[in-house]
1. Yes or no: Leu179 closer than 21 Å to Ala364 by Cα, part of a helix (DSSP H, G or I) and of a type in the set (A, V, I, L, M)?
2. Scan segment 171-193 and tell me whether some residue there is modelled with pLDDT under 90, among the charged types (D, E, K, R), under 13 Å from the mean Cα position of the chain (by Cα) and surrounded by 16 or more Cβ atoms within 10 Å (Cβ to Cβ).
3. Condition test on Glu277, is it at pLDDT 85 or above, charged (D, E, K, R), outside any strand (DSSP E or B) and surrounded by fewer than 18 Cβ atoms within 10 Å (Cβ to Cβ)?
4. Within segment 231-250, how many residues turn out to be in a loop (DSSP other than H, G, I, E, B) and either over 16 Å from the mean Cα position of the chain (by Cα) or not charged (D, E, K, R) (or both)?
5. Condition (residue is over 20 Å from Asp384 (Cβ atoms) and either of a type in the set (S, T, N, Q) or in contact (Cβ under 8 Å) with a residue 40 or more places away in the chain (or both)) applied to segment 208-221: is it met by at least one residue?
6. Taking segment 231-245, which residues are buried (at least 18 other Cβ atoms within 10 Å of the Cβ) and either over 20 Å from Leu321 (Cβ atoms) or free of Cβ contacts under 8 Å to residues at least 40 places away in the same chain (or both)?
7. For segment 133-159, name all the residues that are open to solvent by 10 Å² or more (accessible area, probe 1.4 Å) and over 47 Å from the mean Cα position of the chain (by Cα).
8. Report whether or not Asp197 is at pLDDT 90 or above, in a loop (DSSP other than H, G, I, E, B) and out of contact with any strand residue (DSSP E or B) (no Cβ under 8 Å at 6 or more places or on another chain).
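The values are calculated or read from the model by the stated rules, or taken from the named source; none is laboratory data. Please read these numbers as outputs of a predicted model, since none were measured by experiment. Don't worry about glycine lacking a Cβ; one is built from the backbone with ideal geometry, like all the others, and counts go over all protein chains shown. Each accessible area value is taken on the protein alone, full model and side chains, heavy atoms only, with ligands, DNA and RNA left out. Shrake-Rupley method; radii C 1.70, N 1.55, O 1.52, S 1.80 Å.
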Amino acid sequence: MDIVILAVVIAVVAIAALGGLVVGSRRKKPLPPPPPAAPDITAPPAEPHVGDEAETPRDEPRRTIEEVDLPGGGAPTAVEEPPVVEAPPIEIPEPTEGRLIRLRARLSRSQTALGKGLLTLLSREHLDDDTWEEIEDTLLTADVGVQPTQELVERLRERVKVLGTRTPEELRGLLREELLKLVGTEVDRTVKTEPEDRKPGIVMVVGVNGTGKTTTTGKLARVLVADGRTVVLGAADTFRAAAADQLQTWGERVGAHTVRGPEAGDPASVAFDAVKEGKEMGVDVVLIDTAGRLHTKTGLMDELGKVKRVVEKHAPLDEVLLVLDATTGQNGLVQARVFAEVVDITGIVLTKLDGTAKGGIVVAVQRELGVPVKLIGLGEGADDLAPFEPEAFVDALIGD
């Protein structure tokens, strides 16, 4: 019985101990945090209403830019402005009237051999067959040509026979008259640039490589400007890299506008645009510089014909000037024939006539093509291109 009571007591004590542990563990568990309090919201300051007075502005000292201390690092670097490219000054070309007479001394330096040789032979006391053969040889050597030489010798023989006694003055007068007949004084040598029914006049310049074609075109622009004309230049020589630049430089010197295209572009397109712009600008003359070409190259010559046809969609060409190097002599006549077959040549420009060229080429090329020499080049100067004047030319041939 005592054992039962002891067991009951122990059980009661154990239960009481377990109950205390449970209560203690519950007391140690943290309580959940209280809910956060609502934040205090501060109202924004009230904006002024209409009629409220604003605060009176305060006067504060201000500093100039010179007084402001800039951060270190040295003086500021000055930015260089790109250089301004100034247009070249416009030149006033030398008047064309009487230009060949002014250049007579330069012409006569290389041409008097023909005149002096003929005068020396004609001054012989007895003019036998051998002397007349020498006269023929002198004329042929001067590139006069076979047919013109025979005509001149025949007329001279007849007139000398009638004249009888021959003084130097009479011989000079006789030779001058016959040479003038040979060169031709009745031919119209005016460069046609003023069509009656329209503007502008259109001039195309053609020729073989190396004859001075682009330079001649630039000098011709100076001739026209000197005569009071306005000019547009068409740089249709697109095959030679420097041709367009060269022509533009010539144009800028006299105030002429230059139309150009891309390198190796279509020359006919450039020529067409040049005439179009010339019409829009209302200028007097359009000068078209074409590419130099070998007269033996059929494709290049056909292209020249294309340029002519394209230009004529605007208006007919007023002049087609063939530039020939006077020093090439009879070889230049071969070139002239081929060009005349492709385009209708209306005039000839003889360049380098102040060098080793022989004056007779003037007669020969006119006979070959049936068109007159209209301009001659007598040097490298800008104004050394002169309208051809038969009297001044013959006077330079026979000398004083």
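1. In short, yes.
2. There is no residue in segment 171-193 that is modelled with pLDDT under 90, among the charged types (D, E, K, R), under 13 Å from the mean Cα position of the chain (by Cα) and surrounded by 16 or more Cβ atoms within 10 Å (Cβ to Cβ).
3. For Glu277, the condition - at pLDDT 85 or above, charged (D, E, K, R), outside any strand (DSSP E or B) and surrounded by fewer than 18 Cβ atoms within 10 Å (Cβ to Cβ) - is met.
4. Step one: filter segment 231-250 for residues in a loop (DSSP other than H, G, I, E, B), giving 237-242.
Applying the additional criterion that residues be either over 16 Å from the mean Cα position of the chain (by Cα) or not charged (D, E, K, R) (or both) yields 238-239, 241-242.
Number of matching residues: 4.
5. yes
6. The answer is Ala244, and nothing else.
7. Glu133, Glu134, Glu154, Arg155, Arg157, Glu158, Arg159
8. Here the answer is no, as Asp197 does not meet what is asked.
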